[in-house]
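Remarks on the structure that follows.
Nothing in this text is a laboratory measurement; each read-out follows from the coordinates by a stated rule. For clarity, every value in this text was computed on a predicted model and none was experimentally measured. In this analysis, Cβ positions are derived from the backbone assuming ideal geometry, glycine residues included, and neighbour counts consider all displayed protein chains.
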Amino acid sequence: MKFVIIGGDAAGMSAASRARRNNPDLEVVVLEQTEDVSYSACGMPYNIADPFREIDDLVVRPAQVFREKQGIDLRTGHRVLSIDRSAKTIAGRKESGEEFQVDYDKLLIATGASPIMPDLPGFDLPGVLALKSLEHGRLIKAFISGGQVRVAVIIGMGYIALEMSEALRDLGIEVHMVKPRPDLLPWMHRDLAVMVQKELEENGVNLYLGHETKGVEQTARGLKADFEGVGFTCQMVLAAIGVTPNSKLAADAGLELGPGQSISINRTAQTSDTDIYAAGDCADAYHVVTEEKTWIPLALRANRSGYAAADNVTLIKTELPGVAGTAVFKLFDLQIARTGLTVKEAADFGFEPEEVCIEGRTRAFAHPGVSSMGVQIVGDKKSGRLLGMQIVARDGAAHRINAPAVALHNKMTVDEFSRTDMAYAPPFGPVWDPMLTAANQLLKKL
Ligand SMILES: Cc1cc2nc3c(=O)[nH]c(=O)nc-3n(C[C@H](O)[C@H](O)[C@H](O)COP(=O)(O)OP(=O)(O)OC[C@H]3O[C@@H](n4cnc5c(N)ncnc54)[C@H](O)[C@@H]3O)c2cc1C
């Protein structure tokens, strides 16, 4: 049997490796349009911040290891342009311009997502950049290393934009962040967003909320980035306004699409064609709280759905449990974490949400280094179920969030969560963990 995979990063290479491990006789072909495979995109902001690190440090496993040690027919510089489902072939073009065609028994689409670039003047100028692929990281690193970037403008305030604000400040670059909407992180409880805003301001990041982008132009003094009511002369503009799933191949082949135009898959990672699977950022997933389809492009899900596709192709029946939307990122000295639903999302899905947001402590009272920990918790008035949590703190937020994530997978109520046995020692938190305190307070409202 021949298993063909389009896309050679997290989902695609996880699937290729797993499939060969499950069945060493399986022919596995991977077609990747770039020369980069299997790298940590998540590490790019930290790598960019460090001028002494090579961007290629982020390559997890080089192409020749997949080819020579794992027997995977990995073809880089191969861009797939179409899928013919009735002939079970795919066609595309190599970097050299030569056309190619490959037949398949089972196909996996693992084409990921692309950064959204505003359809406005100047977004094709040198110095106007995005960060998604390793090549983008290479470009940004090379651009900055010339020393010509003194002022940078970041459009957008999502987690990649925020991580990059820290990276650029670490390099001594003046940073202005601009977005059209008035809220810094619209999904976040206001009290927690205030902590994040304070951290940005204390680290010299200038925030401009509520300014629509007008365009960028090249002037004699550098780039001129224009927004409604404000403008900047700078040397670099980073567009970080989100990503969109690379689902055109699937859509053109008549496969069903899901939320946000992602490729619709079932719990076995199969698309609406039983011989075609999809995994990673290009595909949708079930949300463990709502049981509805959602599109949350993150790394663990990409790797896991790649594994699931490979297992099912090699006849090891595997079902994807779904995602809870668990995410974490670092911003200067803050850890920012979330899992589950916000109040608005919960209400949109027909829950009757109640929330509390408390200020707890990262360590025991009076323990050296103690600081505040903001915890927001959401529960359902009708069923008592725990629906979501957000945590912002200088330490202890990142891994704490995994406790409510596990509770969401197990559909626990707030009451059950409030009675769980959590660890305590003074350097790590108070006796009553802030999550338990938040849950106890929420119980009074449910
Ligand atoms: C800066 C940054 C920081 C991040 N930080 C985190 C984090 O901290 N935590 C987290 O969970 N996630 C993070 N992510 C997200 C995470 O990197 C992605 O969820 C993950 O890489 C998705 O893997 P994927 O294989 O689905 O897609 P991708 O990594 O996008 O790979 C898709 C591959 O398919 C190839 N391809 C596309 N179309 C074609 C075609 N037609 N023919 C051939 N090849 C094609 C592409 O070239 C690409 O190599 C971050 C992402 C970025 C950019």
Percent of Cα pairs exceeding the 23 Å cut-off, where the set is segment 226-383: 56 percent
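Given a Förster distance of 51 angstrom, what is the FRET efficiency for R79 paired with K198, based on the Cβ-Cβ distance and rounded to 0.05? Can you show the working numbers first?
Details: r = 45 Å, r/R0 = 0.89.
After rounding to 0.05, the efficiency reads 0.65.
Mind giving me the FRET efficiency for A366 and T420? R0 is 41 Å, r the Cβ-Cβ distance, nearest 0.05 is fine. Show your work: numbers first, answer last.
On the way: r = 26 Å, r/R0 = 0.63.
FRET efficiency, A366 to T420: 0.95.
Taking loop as defined by DSSP and a crowding limit of 12 other beta carbons within 10 Å, which trypsin sites (Lys or Arg not before Pro) in segment 60-129 fit?
On the way: sites: R67, K69, R75, R79, R85, K88, R93, K94, K106; in loops: K69, R85, K88.
Filter output for segment 60-129: K69.
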Listed residue (F365, V375, A309) projecting farthest to the positive dipole end of segment 271-403, Cβ model: F365
Highest-MSF residue in the chain out of A41, A366, A299 [GNM, Cα springs under 10 Å]: A366
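At R0 = 45 Å, how high is the FRET efficiency between N402 and D124 if r is their beta carbon distance? Nearest 0.05 is fine. Please report the intermediate quantities before stating the final value.
On the way: r = 42 Å, r/R0 = 0.92.
E(calc), rounded to 0.05, equals 0.60.
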Sorted by Cβ density within 10 Å, fewest first, the residues W295, W187: W187, W295
Built amide H within the under 5 Å cut-off of I154, gap 5+: H176, M177, V178, L238
Inter-probe distance in nm under a simple model that places probes 7 Å from Cα toward Cβ, at C42 and A299: 0.4 nm
For the chain, size of Cβ-based charge dipole, Lys and Arg +1, Asp and Glu -1, in debye: 640 debye
Euclidean distance of C-alpha centroids, segment 123-139 and segment 59-121, integer Å: 21 Å
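Exceeding 25 Å between C-alpha atoms, which entries from my cross-link table qualify? They are K198/K444; K88/K317; K293/K444. Before the final figure, lay out the partial values.
On the way: K198/K444 31 Å; K88/K317 23 Å; K293/K444 32 Å.
Exceeds cut-off: K198/K444; K293/K444.
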Radius of gyration and Dmax over the Cα atoms of segment 1-96, both given in Å: 14.9, 51
In segment 197-259, GluC sites (Glu not before Pro) in a DSSP loop with at most 14 other beta-carbon atoms within 10 Å: E212, E228, E256
Between segment 264-314 and segment 399-446, the alpha-carbon center distance in angstrom: 29 Å
Segment S272-R221, extension gain: residue separation times 0.36 nm, minus the distance between their alpha carbons: 13.1 nm
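Run the helix sum for the chain: -39,500 (n - 2.57) per DSSP H stretch of 4+ residues, divided by residue count, reported at 222 nm to the nearest 500 deg cm²/dmol.
Values: 13 runs with 115 residues, N = 446.
Mean residue ellipticity, 222 nm, calculated: -7000 deg cm²/dmol.
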Whole-number D in µm² s⁻¹ for segment 125-215, Kirkwood Cα-pair radius fed into Stokes-Einstein, 25 °C, 0.890 mPa s: 176 µm²/s
Rough spin-label spacing in nm, given labels placed 7 Å along Cα→Cβ, for K94 and D348: 4.6 nm
Candidate lysines for bridging to K445, where Cα separation is under 23 Å - those fewer than 8 sequence places away on the same chain excluded: K344, K381, K382, K411
Reach of K141 by Cα under 18 Å, taken over lysines that are not fewer than 8 positions away in the same chain: K132
Calculated log₁₀ intensity ratio I(q)/I(0) where the Debye formula runs over C-alpha points of segment 145-278, q = 0.10, 0.22 Å⁻¹: -0.48, -1.20
Residue of A425, A302, A324 that the Gaussian network model of the chain assigns the largest fluctuation, springs spanning Cα pairs under 10 Å: A425
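Give the residue list of trypsin sites (Lys or Arg not before Pro) in segment 255-335 that are DSSP loop and have at most 11 other beta-carbon atoms within 10 angstrom.
On the way: sites: R267, K293, R301, R304, K317, K330; in loops: R267, K317.
In loop regions of segment 255-335 (DSSP not H, G, I, E or B), the sparsely surrounded trypsin sites (Lys or Arg not before Pro) are K317.
Express in nm, to one decimal, how much length is gained between E228 and K411 on full extension, taking 0.36 nm for each residue of separation and deducting their alpha carbon distance.
Working: separation 183, 0.36 × 183 = 65.88 nm, distance 4.50 nm.
Extra length from E228 to K411 when fully extended: 61.4 nm.
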Two-site label geometry, V65 and D333: point separation in nm, points 7 Å out along Cα→Cβ: 3.7 nm
Of every Cα-Cα pair in the chain, the percent that sits beyond 41 Å: 22 percent
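Count the DSSP beta bridges whose two residues both fall in the chain, then state the antiparallel fraction as a percent rounded to the nearest 5. Present the calculation step by step, with values, prior to reporting the outcome.
On the way: 58 of 92 bridges.
Expressed as a percentage, antiparallel bridges in the chain total about 65.
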Selection from L255, L298, A285 lying farthest towards where the dipole of segment 244-307 points positive, charges on Cβ: L298
